[in-house]
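Below is one structure, written out as C-alpha cells; comments come after it.
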C-alpha cells in the first residue's frame, strides 16, 4: 500500500516539476523574444517623457510617469510581437512596406488614444462612482491637445519600431543589429572606404 502512495506522490511531484519546467521554458522563450523590443520601447517612451518634462519645465508641472513608461514598454513590446502573428500582419505582407508601417502605426495610435480615454474614465469613476458621470467628467475636463500629443508621440515610437522591423526583415535576421553594432570591415572590398579614399 505504501509503495502505491509513494508512486502516486512521485508521479504527482514529477508532473508538478515537469509543469514548472515547461512554464519556465515558456517564460524564458517569451523573455528572450520580447527583451530587445521591450528595450526599444522603454528607451522610446523614456525619451518621450524626457521631451515632455523639458517642455513643461517652464510651467513647473511635474511628470512622474516612469513606472507607466516601464509598464507601457512591456505591453507595447508584447503587443507588437503579437500583432506580427495575426492575420492582419499576414495580409499586410502583400502591400508595400510603407503601407504596412502606416497601418500598424495608425492601429497602435488609435489604440493608444482609446486607452488614454479609458484610463481617464476609470480614474474619474473612482471620484464620481457613476459611469455616465465619469464619461461626462472626462469630456468636460479632458485636455484633448495633451491626449493627442501623447498619442502622436507614442505613435511615432511605434512608427520607428515598425520601420526598423521592416528594414531588419529586408536585411535578413540580425541585419539591423549587424549594421549598427558590429565594427565595420576594413579591407579592399568595402565600398564605403573605397569611396572615402577617392574624396
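The numbers here are math on the coordinates, done by the rules we state, and not lab data. Computed from a predicted model, the values in this text were never measured in an experiment. Cβ sites come from the backbone with ideal geometry, for glycine too, and all protein chains shown count toward neighbours.
Of the listed peptides 169-179, 46-56, what is their order by residue-averaged count of other C-beta atoms within 10 Å, with the highest listed first?
For the peptides 169-179, 46-56, the packing ranking is 46-56, 169-179.
Which of the peptides 143-154, 97-108 is most tightly packed, and how do the rest follow, going by the mean number of other Cβ atoms within 10 Å of each residue?
97-108, 143-154
Starting from the Cα of residue 35, step 7 Å along the direction of its Cβ; do the same at residue 86; then give the gap between the two resulting points in nm.
It is 2.7 nm.
Can you tell me the order of 72-85, 124-137 when each peptide is scored by its average per-residue count of other Cβ atoms within 10 angstrom, highest first?
The most tightly packed comes first, giving 72-85, 124-137.
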